[in-house]
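Q: This is the structure I want to talk about, given as structure tokens.
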Amino acid sequence: MQNEADSSPITVPARHGKAMRLRAGQALRIINTHGTQVVDCWAWNAYDLDEFMCMEATRVWNQRLCPIVGDSFVTSRRNAILTMVEDTSPGVHDTFMAACDLRRYELLGVKTYHRNCCDNMMEGMFSLGVTPPRRNLASFNIFMNIRVQNDGNTLHTLPTESKPGDSITLRAEMDCFVALSACPQDIVKIQGKNDNTPRDVAVQILSGNLPEMAVRGPWVPAAEA
Ligand SMILES: [Zn+2]
């Protein structure tokens, strides 16, 4: 690949979203500018929007609740689409929780329109002239802090643990669209430690200087002796 400059960081304003197209081998760095913000993330095969990043298949592939550096995210057809090649945060992210949508805020008692991650995802994709075939609630929730309790079953929803400037970098394994939402949630306390206020984040498209990292294949059970 030619030496192509990395893009300058682009702001994703608090409560809003942005989508972009990546070529295989490029990467997206998501920067938690203030350290307090949860960012919802979706991805699609650029040539077939029926193939999309799938949290349930990703958990099977990695045999983990949430990917760590070196793990890949896979699609609804179980092909690698993104690989986490860097993470300068404490590594606390979530694959369990549904993205927020308008109905979620209605159920939380909001009586007027509330911005939400699903609408942000659609707006971001529309701005590229692309219409996703469906709303997928299963986003990768970057910097979101969901903890399984000691009973192995109960979940606790907690504020982010990241610091200002923490980032994760996701490398595209196929030409794809990626949509991000700086989550507008301001009722359930997921943003930051104290004030639960949605804030801006930044994204940067990287075209080189990435850590060498092969895609790991899917987990398979060890053969019996
Ligand atoms: Zn949200």
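Each row is one residue, and each column tells you yes or no for (1) in contact with a strand residue (DSSP E or B) (Cβ under 8 Å, 6 or more places away or on another chain); (2) closer than 28 Å to Arg77 by Cα.
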| position | (1), (2) |
| --- | --- |
| Arg103 | no, no |
| Phe143 | yes, yes |
| Asp151 | no, no |
| His156 | yes, no |
| Glu161 | yes, no |
| Gly165 | yes, no |
| Ile168 | yes, yes |
| Ala182 | yes, yes |
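Q: Looking at this structure, is Leu170 within 16 Å of the ligand (Cβ to nearest atom) and not in a loop (DSSP other than H, G, I, E, B)?
A: Answer is no for this residue.
A quick yes/no check of all residues on (1) outside any helix (DSSP H, G or I); (2) within 16 Å of the ligand (Cβ to nearest atom); (3) buried (at least 23 other Cβ atoms within 10 Å of the Cβ); (4) within 13 Å of the chain's Cα centre (by Cα):
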| site | (1), (2), (3), (4) |
| --- | --- |
| Glu4 | yes, no, no, no |
| Ser7 | yes, no, no, no |
| Arg15 | yes, yes, no, no |
| Cys41 | yes, yes, yes, yes |
| Leu49 | yes, no, no, no |
| Phe52 | yes, no, no, yes |
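Q: In segment 173-192, which residues are assigned to a loop (DSSP other than H, G, I, E, B) and either within 14 Å of the ligand (Cβ to nearest atom) or within 23 Å of Val110 (Cα to Cα) (or both)?
A: First, pick out the residues of segment 173-192 that are assigned to a loop (DSSP other than H, G, I, E, B): 173-175, 183-192.
Answer for segment 173-192, where residues must be assigned to a loop (DSSP other than H, G, I, E, B) and either within 14 Å of the ligand (Cβ to nearest atom) or within 23 Å of Val110 (Cα to Cα) (or both): Cys183, Pro184, Gln185, Asp186, Ile187, Val188, Lys189, Ile190, Gln191, Gly192.
Q: Moving to a separate point now. Scan segment 92-121 for residues that are away from the ligand (no atom under 13 Å from the Cβ) and not in a loop (DSSP other than H, G, I, E, B) and jot them down.
A: Within segment 92-121, Glu106, Leu107 qualify.
Q: Does Arg199 satisfy being in a strand (DSSP E or B) and not β-branched (Val, Ile, Thr)? Full working, then the answer.
A: Details: in a strand (DSSP E or B): no; not β-branched (Val, Ile, Thr): yes.
The answer is no for Arg199.
Q: With respect to the numbered conditions (1) among the aromatic types (Phe, Trp, Tyr); (2) part of a strand (DSSP E or B); (3) surrounded by fewer than 17 Cβ atoms within 10 Å (Cβ to Cβ), which one is the sole condition not fulfilled by Phe73?
A: Phe73 satisfies all of (1) among the aromatic types (Phe, Trp, Tyr); (2) part of a strand (DSSP E or B); (3) surrounded by fewer than 17 Cβ atoms within 10 Å (Cβ to Cβ) except (3).
Q: If you check Ser127, Ser89, Ser76, which single one turns out to be under 18 Å from Pro13 (Cα atoms), among the small types (Gly, Ala, Ser) and more than 16 Å from the ligand (Cβ to nearest atom)?
A: Values: Ser89 fails: under 18 Å from Pro13 (Cα atoms); Ser76 fails: under 18 Å from Pro13 (Cα atoms).
Of Ser127, Ser89, Ser76, the one residue that is under 18 Å from Pro13 (Cα atoms), among the small types (Gly, Ala, Ser) and more than 16 Å from the ligand (Cβ to nearest atom) is Ser127.
No lab work stands behind these numbers, since they all come straight from the coordinates. Since we're looking at a predicted model, the values are computed, not measured. With ideal geometry, Cβ positions are generated from the backbone for all residues, glycine too; neighbour counts draw on all protein chains shown.
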